Amino acid sequence: MYADAPAGRSAAPVPLRSVAGMEITTTELGLAARVQNLSKTYGAGDGVVRALDDVSVGIRRGQFTAIMGPSGSGKSTLMHIMAGLDAPSAGRAWIGDTEITVLRDTELTLLRRRRVGFVFQSFNLVPTLDVRGNILLPFDLDGRRPSPAERARIDGLIESLGLGPRLGHRPHELSGGQQQRVAIARALATAPDLVFADEPTGNLDSRTGREVLALLATASREHGQSIAMVTHDPIAASHADRVLFLADGRIAADKPRQTAEQISAHMLSAEAAPVATAAAAVAR
């Protein structure tokens, strides 16, 4: 397991040591979530596929992290395991200081509901609920009403996202951008430890996509929200404070904020490397 470098600098591997046999916690590392020696395989025998291969990485508190990589690199698998939506074949995962890889299904469900937010490409709004109902859905599923402090937070989100005039509308009465704003409000409503965004601009036009990315960046910068976004889009990733690049199930690079051009160049060079290696092998 390695400690993350301060924001704005490349991550340098620093071995973590326990003190008097006590394990250093995720909170002490300044992380919202982390995985240690994480592996995930599918299939068996000759047909085995290794989606993740001994990955150790953390998501920093209050930071917007983009996770990138070509198809099959393991980026979606990493997000699903970190979010408690999938189980690893080996290794450990934490959200905050809670190790989720040892939780039962019921415990995982409660943890996701209370401490994790999700923003999906397909919005995943409930069509029979209006905007207010969709935003309050995590509380309804938890069988409780928002506290006064939570209500004030939700009202602030509604105002900042420009959803006030739309509270009585149902999803089919909203544009794609408005639906994604509702999804962001729902994800942030419970002030979760971490928000996972899975290709959140994939179904949006470029202008609306930029607005959504700006909202996520603002949530991180101004409200201390921890956000991990899986994307294949260099422009989307350029809004993040940090970019993790995966290749063949491993962390290939960990970079501070990058321009879209820098990200594209890195992706192109990463994709070209296996081709060059294969060509050299044929030449030999």
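Listed values, structure above:
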| quantity | calculated |
| --- | --- |
| Qualifying positions in the stretch 26-38 - of a type outside the set (A, V, I, L, M, F, W, C), in a strand (DSSP E or B) and surrounded by 16 or more Cβ atoms within 10 Å (Cβ to Cβ) | Arg34, Gln36 |
| Selected residue [closer than 27 Å to Ala66 by Cβ, part of a strand (DSSP E or B) and of a type in the set (Val, Ile, Thr)] from Val195, Val182 | Val195 |
| Any hit, the stretch 243-250, residues being buried (at least 20 other Cβ atoms within 10 Å of the Cβ), on the phi > 0 side of the Ramachandran plot and in a loop (DSSP other than H, G, I, E, B) | yes |
| Candidate set from the stretch 167-188 (those that are crowded, with 19+ Cβ neighbours inside 10 Å and among the basic types (Lys, Arg)); member that is nearest to Val212 (Cα to Cα) | Arg181 |
| Restricting the stretch 93-107 to residues that are within 17 Å of the chain's Cα centre (by Cα) and touching a residue at least 24 places away in the same chain (Cβ under 8 Å), the residue that is farthest from Thr27 (Cα to Cα) | Ala93 |
| Scan of the stretch 152-174 for residues that are modelled with pLDDT of 95 or more and among the hydroxyl-bearing types (Ser, Thr, Tyr), ordered by number | none |
| Residues of the stretch 194-204 that turn out to be buried (at least 24 other Cβ atoms within 10 Å of the Cβ) and closer than 24 Å to Ile100 by Cα, as a count | 3 |
| Gly84, sole failed condition from (1) of a type outside the set (Ser, Thr, Tyr); (2) out of contact with any His (no Cβ under 9 Å at 6 or more places or on another chain); (3) surrounded by 15 or more Cβ atoms within 10 Å (Cβ to Cβ); (4) modelled with pLDDT of 95 or more | (4) |
| Test for Ala214: is it more than 20 Å from Gly74 (Cα to Cα), surrounded by fewer than 21 Cβ atoms within 10 Å (Cβ to Cβ) and modelled with pLDDT under 90 | no |
| Exclusive hit being free of Cβ contacts under 8 Å to residues at least 40 places away in the same chain and of a type in the set (A, V, I, L, M), set Val230, Val195, Val212, Val182 | Val212 |
| Of all residues in the stretch 64-81 being surrounded by fewer than 22 Cβ atoms within 10 Å (Cβ to Cβ) and under 22 Å from Leu213 (Cβ atoms), the one that is nearest to the chain's Cα centre (by Cα) | Met79 |
| Flag if Ala265 is part of a helix (DSSP H, G or I) and either surrounded by fewer than 16 Cβ atoms within 10 Å (Cβ to Cβ) or free of Cβ contacts under 8 Å to residues at least 60 places away in the same chain (or both) | yes |
| Checklist (1) assigned to a helix (DSSP H, G or I); (2) touching a helix residue (DSSP H, G or I) at 6+ places or on another chain (Cβ under 7 Å); (3) closer than 30 Å to Arg145 by Cα applied to Thr208, failing item | (3) |
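The values are calculated or read from the model by the stated rules, or taken from the named source; none is laboratory data. Predicted, not measured: the structure shown is a model, and the values here were computed from it. All Cβ positions, even for glycine, are placed from backbone atoms using ideal geometry, and neighbour counts span all protein chains on display.
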